[in-house]
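Peer 1: Sharing a structure, written as structure tokens. Questions coming.
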Amino acid sequence: MWNLFSRFVLFAAVASAAELRLLPEYQRTDPFGSIVEADRSGATFTGKLTTARRGYASVQVLVSTDRPLTYQMAVSSPFPVEIYREWFHRTKADGKYFPDALIPIESGAASSIPDSDNRIPNQTAQAFWLDFWIAEDTKPGAYRAAVTLTERGRTQNATIEIEVLPGLIPQEDAIVLDHNSYGTGWLFGQYPKTLPPENDERLFQLIHAYHRRFYEHRGVYHQLGYGHAGKVGPEFAPELAGSGRNKRITSWDRFDRHYGPLLDGSAFGKTRRGPRPIPYIYLPINPEWPASQLWWGEPGYEVEFRNVVSAMERHFREKGWTRTYFELFFNHKKRYKGFSWDGDEQRFARDNEWLVAYRLLFDQSVPADSPVKFLTRIDSSWTMEEQFQSLAKVVNFWVVGEGMLSWYPGSAERLRARGDQIWSYGGTPTVDKAAAMMTLNPLRSWVTGVQGFVRWQTVDPGPDPWFQLEGGGETLVYPGDRFGIGEPLACIRLKVQRNCLQDLALLEQRAAKGNRAAVTAEVVKRFNGSTLADWRNVAPPLAKTPVLEWNNVSIGAALDPFEARFSKVRPEAWQRVHEYAVGGEQ
């Protein structure tokens with residue numbers, strides 16, 4: 001009897017093998033094998049991916065077990081494949097777990113449940129993200145990839161069907177998806193093992209890695225190099241010396257080592273998208289650089305400004321950096337007590353006079369026929385409607401609050417018609433929101449007619465993102481230093497956004513060739529069952545009152561009715577759009 005019982009126990013242990021499951025990109029799981037609440041959907045997933053060429057197709061793999069497990073997961077594929085282990089972040093607010101950061105691993109690498117690194121009590125599941133690269137020269141047709149799980153000498157397989165359609169994802173994006181950040185001081189805190197003190201070259205390599213990570217995900221990385229009181233980081237500007245007529249640039253060394261590979265595109269030479277200069281860059285110019293505002297209004301200020309700015313234009317021209325937009329941009333507010341006027345999101349009409357004066361001084365400093373591309377940028381919210389008129393021919397690059405812009409229908413079209421560029425800005429969905437929420441801002445930008453969208457802060461995961469994540473609303477990359485990787489790690493939300501941008505590029509191509517209104521109407525219908533009219537707003541009563549009477553509470557109340565239309569996105573919303581985007585010849 002004892003032997004029979006022993007055999008039964010042994011049989012039960014053998015039968016209790018791991019389970020292998022395929023999941024779509026928009027359904028994340030917790031470390032116990034359940035779909036997170038925000039991503040739960042009635043939609044079914046068969047393990048089949050449908051994709052155009054020159055882009056990525058993504059799927060998730062879930063390994064579940066009811067006992068501690070050591071295993072190997074291998075992927076065989078007709079296409080290059082990138083494999084990532086999903087990190088389960090414990091959120092500080094409620095102690096729940098959400099996967100987000102992606103740690104690259106090799107096919108066949110040993111893994112375990114529970115994962116000793118992730119340190120989750122009673123963990124019973126581990127998720128992985130797979131990115132398949134479908135090259136431009138791939139022959140359309142049906143392909144198969146296989147995931148093999150091996151544990152204790154036993155194996156099981158899951159098959160991924162990949163249908164490659166004739167469509168070719170355009171190189172150019174339908175909109176610019178911008179990821180903003182400030183300075184470089186935070187890098188030393190996030191990379192204590194990677195960044196030795198006083199090592200410029202390693203710092204520049206890391207900065208380039210951040211640019212690459214966003215570029216690989218069809219995004220742009222913006223890094224502002226000065227603070228609210230005008231202090232410029234030495235890696236963001238050429239070195240200066242002298243005063244008055246003798247004010248001059250003495251060295252381009254650090255600036256060129258920082259920006260040279262970005263402005264000639266060589267920093268991106270080994271990416272799948274290929275080398276290309278960054279499209280936008282903040283200039284270091286502000287009220288305190290290259291001349292101190294203590295001398296504003298004096299002839300010496302103007303002389304110093306013109307000397308340095310003229311030399312910058314010559315240097316950019318001689319280097320051949322003529323494919324990037326260089327932005328004259330002021331990011332300060334009076335309440336930060338650095339300067340006496342608002343350069344950012346002005347509320348007071350008199351502050352516009354500073355922008356007019358600086359634009360005039362800048363125009364006096366550079367040749368009108370320079371091949372170097374300069375823009376005067378303003379980030380506007382409270383007074384955008386008035387500024388669209390009063391700052392015409394002064395500002396030609398507008399970055400405006402997404403919600404408030406909806407109060408002024410047709411503004412984007414009018415600004416573009418006169419040759420200006422216009423983007424909108426906003427935040428980033430936190431990890432507890434549906435993964436598909438990452439597609440809302442890009443889609444809304446495309447429908448609205450702006451040329452870009454800015455996620456205002458994207459590199460600040462908080463002091464302990466691994467075990468006390470503060471939502472993730474200010475980061476789309478995580479520092480790899482913890483894992484011995486001296487580069488930023490992508491996350492699930494960034495990849496969902498990338499896949500959305502691939503589809504938008506296809507949709508823009510289709511709209512440009514045919515009936516844009518019909519294409520856009522079909523997209524929003526598939527996204528959330530809406531019509532184009534649902535994506536248009538009108539000015540609320542608040543907009544007709546004096547701006548100086550507004551406050552954040554009243555603005556929020558005025559925005560709420562319209563924003564409520566987009567407060568929830570079904571997990572499978574973008575999948576329906578994706579099927580339309582890749583379907584048929586482009």
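Peer 1: Only one of these conditions is not met by TYR191: (1) under 30 Å from SER77 (Cα atoms); (2) in contact (Cβ under 8 Å) with a residue 40 or more places away in the chain. Which number is it?
Peer 2: With (1) under 30 Å from SER77 (Cα atoms); (2) in contact (Cβ under 8 Å) with a residue 40 or more places away in the chain applied to TYR191, the lone miss is (1).
Peer 1: Out of GLN123, GLN171, which single residue is in contact with a Pro (Cβ under 8 Å, 6 or more places away or on another chain), touching a residue at least 40 places away in the same chain (Cβ under 8 Å) and part of a loop (DSSP other than H, G, I, E, B)?
Peer 2: The conditions single out GLN123.
Peer 1: Which residues, taken from the range 361-386, are closer than 19 Å to PRO284 by Cα and of a type in the set (A, V, I, L, M, F, W, C)?
Peer 2: Across the range 361-386, the qualifying residues are LEU361, PHE362, VAL366, VAL372, PHE374, LEU375, ILE378.
Peer 1: Now, a different point. Taking the options ALA505, ALA511, name whichever one is in contact with a Ser or Thr (Cβ under 9 Å, 6 or more places away or on another chain) and either more than 20 Å from PRO561 (Cα to Cα) or of a type outside the set (A, V, I, L, M, F, W, C) (or both).
Peer 2: ALA511
Peer 1: Also: Go through the range 44-54 residue by residue and tally those that are assigned to a loop (DSSP other than H, G, I, E, B) and surrounded by 13 or more Cβ atoms within 10 Å (Cβ to Cβ).
Peer 2: 3
The rows are residues; the columns are (1) loosely packed, with under 14 Cβ neighbours inside 10 Å; (2) at pLDDT below 95; (3) in the same structural domain as GLY338 (by TED's automatic domain parsing); (4) not hydrophobic (A, V, I, L, M, F, W, C).
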{"position": "PRO196", "(1), (2), (3), (4)": "yes, yes, yes, yes"}
{"position": "GLY225", "(1), (2), (3), (4)": "no, no, yes, yes"}
{"position": "TRP252", "(1), (2), (3), (4)": "no, no, yes, no"}
{"position": "LEU262", "(1), (2), (3), (4)": "no, no, yes, no"}
{"position": "GLY265", "(1), (2), (3), (4)": "no, no, yes, yes"}
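Peer 1: Residues that are crowded, with 18+ Cβ neighbours inside 10 Å, within 22 Å of PRO279 (Cα to Cα) and more than 28 Å from the chain's Cα centre (by Cα): does the range 340-360 have at least one?
Peer 2: The answer is no, given that none of the residues of the range 340-360 is crowded, with 18+ Cβ neighbours inside 10 Å, within 22 Å of PRO279 (Cα to Cα) and more than 28 Å from the chain's Cα centre (by Cα).
Peer 1: Take PRO277 and decide whether it is in contact with a Ser or Thr (Cβ under 8 Å, 6 or more places away or on another chain), exposed (fewer than 14 other Cβ atoms within 10 Å of the Cβ) and assigned to a loop (DSSP other than H, G, I, E, B). Walk me through it before giving the result.
Peer 2: Working: in contact with a Ser or Thr (Cβ under 8 Å, 6 or more places away or on another chain): yes; exposed (fewer than 14 other Cβ atoms within 10 Å of the Cβ): no; assigned to a loop (DSSP other than H, G, I, E, B): yes.
For PRO277, the condition - in contact with a Ser or Thr (Cβ under 8 Å, 6 or more places away or on another chain), exposed (fewer than 14 other Cβ atoms within 10 Å of the Cβ) and assigned to a loop (DSSP other than H, G, I, E, B) - is not met.
Peer 1: Please identify the pairs in which a residue from the range 227-248 that is farther than 24 Å from ILE281 by Cβ has its Cβ atom under 8 Å from the Cβ atom of a residue that is in a strand (DSSP E or B) and basic (Lys, Arg), counting only partners at least 6 apart or on another chain.
Peer 2: If the second residue must be in a strand (DSSP E or B) and basic (Lys, Arg), the pairs left are GLY242/ARG248.
Peer 1: Which of the residues belonging to the range 90-120 are more than 25 Å from GLU161 (Cα to Cα) and outside any strand (DSSP E or B)?
Peer 2: Hits for the range 90-120 are LYS92, ALA93, ASP94, GLY95, LYS96, PRO114, ASP115, SER116, ASP117, ASN118, ARG119, ILE120.
Peer 1: To continue, here is another question. Test of understanding: among THR531, THR475, THR458, THR545, which residue is more than 19 Å from the chain's Cα centre (by Cα), among the hydroxyl-bearing types (Ser, Thr, Tyr) and under 30 Å from ILE169 (Cβ atoms)? Talk me through it step by step, then tell me what you get.
Peer 2: Values: THR475 fails: more than 19 Å from the chain's Cα centre (by Cα); THR458 fails: more than 19 Å from the chain's Cα centre (by Cα); THR545 fails: under 30 Å from ILE169 (Cβ atoms).
Selected residue: THR531, the only one of THR531, THR475, THR458, THR545 that is more than 19 Å from the chain's Cα centre (by Cα), among the hydroxyl-bearing types (Ser, Thr, Tyr) and under 30 Å from ILE169 (Cβ atoms).
Peer 1: Would you confirm whether or not the range 65-73 contains a residue that is surrounded by fewer than 20 Cβ atoms within 10 Å (Cβ to Cβ), closer than 21 Å to CYS491 by Cα, in contact with a Leu (Cβ under 9 Å, 6 or more places away or on another chain) and not acidic (Asp, Glu)?
Peer 2: No, that holds for no residue.
Peer 1: From SER107, SER116, SER111, grab the single residue that is hydroxyl-bearing (Ser, Thr, Tyr) and under 17 Å from THR29 (Cβ atoms).
Peer 2: SER111
Peer 1: Tell me, please, whether a residue that is outside any helix (DSSP H, G or I) and of a type in the set (Gly, Ala, Ser) can be found in the range 495-513.
Peer 2: No; the residues of the range 495-513 include none that is outside any helix (DSSP H, G or I) and of a type in the set (Gly, Ala, Ser).
Peer 1: TYR210: buried (at least 18 other Cβ atoms within 10 Å of the Cβ), in the same structural domain as TYR336 (by TED's automatic domain parsing), in a helix (DSSP H, G or I) and out of contact with any helix residue (DSSP H, G or I) (no Cβ under 8 Å at 6 or more places or on another chain), yes or no? First the steps, then the outcome.
Peer 2: Working: buried (at least 18 other Cβ atoms within 10 Å of the Cβ): yes; in the same structural domain as TYR336 (by TED's automatic domain parsing): yes; in a helix (DSSP H, G or I): yes; out of contact with any helix residue (DSSP H, G or I) (no Cβ under 8 Å at 6 or more places or on another chain): yes.
Considered against the rule, which asks whether it is buried (at least 18 other Cβ atoms within 10 Å of the Cβ), in the same structural domain as TYR336 (by TED's automatic domain parsing), in a helix (DSSP H, G or I) and out of contact with any helix residue (DSSP H, G or I) (no Cβ under 8 Å at 6 or more places or on another chain), TYR210 comes out as yes.
The values are calculated or read from the model by the stated rules, or taken from the named source; none is laboratory data. Only a predicted model underlies this, so the values are computations on that prediction, with no experimental measurement involved. All Cβ positions, even for glycine, are placed from backbone atoms using ideal geometry, and neighbour counts span all protein chains on display.
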